[in-house]
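Here's the structure, in structure tokens; my notes come after.
No lab work stands behind these numbers, since they all come straight from the coordinates. Quick caveat: nothing in here was measured; it's all calculated off a predicted structure. With ideal geometry, Cβ positions are generated from the backbone for all residues, glycine too; neighbour counts draw on all protein chains shown.
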Amino acid sequence: MSRRVPLKAGAQQPRALSELRVLHALAEVINRSTSLDTIFSETLQTLRWTTQADRAAVLLFDEANVMRFAASDGLSERYRAGVEGHSPWAANEENAQPILVAEPEREPSIARLLPLLQAEGIASLAFIPIAHQGRLLGKFMLYFNQPQQMKSNAVRLALTVAEYLALAISRQRAVDEIQRLNAQLEARVQRRTQQLQEANREMESFCYSVSHDLRTPLRALDGFARILLEDAGHLLDDGDKNKLGRIIAASERMAHLMDDLLKLSRIGRAHMRLADADLGAIAREAAKKLRSGAPARRVELKIMDEMRVRADIGLMRIALENLIGNAWKYTAKCDDAEIEFGQREENGQTVYFVRDNGTGFDMRYAGKLFSPFQRVHSPSEFGGNGIGLAIVQRIVHRHGGRIWAESEPGRGATFCFTLWPDGLPPELASSLPSSPPA
């Protein structure tokens, strides 16, 4: 039996240094390479050099847990086709150990492969597991043309190379999985974007219908009812006049509902134009309008100065007009009405609030406040369509914040909101001037 000439004692140190250099070079290739094919080729060369094998191969488990050739060096097609699928370990083996077969004819577990080994000229072989974090990924096959007893040092080096390859395979599979998930996410985003665009088109069509198609018959209903009341009022009894009056009132109420519905839809689609805004100044403008509309009312208004924030001034004007107008409405029955607009710090965030000492409401119904056309008081008690707070919520959400209410029946209400608690989104921040206007 022919054997390789062992390294002499004096040559052991140069051999050890060479092994370290080869392993380091392999690690560099693995770190730089983005292709497993390149890594397989370099790994097989390193493996053959460190173990002095004549031929080598990499086999990996596929999705069906069948061993498949991933790369080979020096093996015939016939041999690969004949042995593919064979594995000495189960796919779920957690502690696979190297198997060294110096004399294949004496190994019963590979008896069926013996004719293929003989035809291929393989005298000895070794199975080296490739595993990562306890999971068996596949195996290295080492083939020797002459009978060979692998030394422990060669086995150790083969296992080290297997660890390097296992890391590379796991890394590549993670990259592939991320790319797959990204592709799925991108497809989802495109699908959702398309759905959103379609929904926006439907909303635009609906708004056009509300603005034009529905208003025409509504105006006709209102107009003819008024004409009938004016021209034939002397012929009608009080009951008929009352019915016509109710038709006119219902038409006006429907017109206001359509106006509010259009406002709500436009708020969600309006383009954001951010600027440095003084919320206190905006609130004072809103309060001035309310006072001019009801000069006889005695209301104490407290509005904090210098509440500056990056915001869409037009949208914030609508929000504060609704919030302060809401407080104005629900303090109508108070002799000493008080309305306050200010800010406070909570958990490191600025919270803006509008507080009143009006009617208040039961917190059990707080969930209804911000839904369109939902009310906690009857229309006969307080007017309105129940759309104002829904508009405010949409504006606050477009400014990255949230809104909530605190109240007790008969003890007033406080509406709180935040703006940009997580900072301005990059796409909006990039469009702002480098310094805020004075």
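Over all alpha-carbon pairs in region 258-370, figure out the percentage whose distance exceeds 20 Å.
50 percent
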Of Lys243/Lys368; Lys263/Lys329; Lys263/Lys288, which pairs sit farther than 29 Å apart, going by alpha carbon to alpha carbon? Lys243/Lys368
Quick one: plug the Kirkwood hydrodynamic radius of region 214-269 (C-alpha pairs) into Stokes-Einstein at 25 °C, 0.890 mPa s, and report D in µm²/s. 197 µm²/s
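Would you list the membrane-span-like helices of the chain, meaning whole DSSP H runs whose alpha-carbon atoms span at least 18 Å along their axis and whose mean Kyte-Doolittle value is at least -1.0? The partial results should precede the final answer.
Values: long enough: 12-32 (30 Å, -0.15); 36-51 (22 Å, -0.09); 152-208 (82 Å, -0.46); 215-231 (23 Å, -0.04); 238-269 (47 Å, -0.47); 279-293 (22 Å, -0.17); 313-330 (25 Å, 0.47).
Qualifying helices, which must be both long enough and hydrophobic enough, are 12-32, 36-51, 152-208, 215-231, 238-269, 279-293, 313-330.
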Anisotropy class of region 86-223 from Cα gyration tensor, a/c 1.5 cut: prolate
Average silhouette area of region 34-74, convex hull of alpha-carbon atoms, in square nanometres: 3.3 nm²
Multiply the residue separation of Leu17 and Ala275 by 0.36 nm, subtract the distance between their alpha-carbon atoms, and state the gained length in nm to one decimal. 86.2 nm
Below 13 angstrom from the Cβ of Thr193, what's the summed charge of the other residues (Lys, Arg +1; Asp, Glu -1)? +2
Given H placed 1.01 Å from N in the peptide plane, which residues other than close sequence neighbours of Ile130 have an amide H under 5 Å from its amide H? Leu137, Gly138, Lys139, Phe140
What three numbers, in Å, describe the spread of the alpha carbons of region 9-180 along their principal axes, ordered from the longest? 49, 45, 29
Residues other than Gly401 with Cβ under 14 Å of its Cβ, Lys/Arg counted +1 and Asp/Glu -1, net out at +1
Considering all projection directions equally, how large on average is the shadow of the alpha-carbon convex hull of region 272-438, in square nanometres? 10.3 nm²
What list of whole percents do you get for P(r) of region 182-335, with Cα-Cα distances grouped in 10 Å bins up to the one holding the largest distance? 9, 21, 23, 25, 15, 6, 1, 0
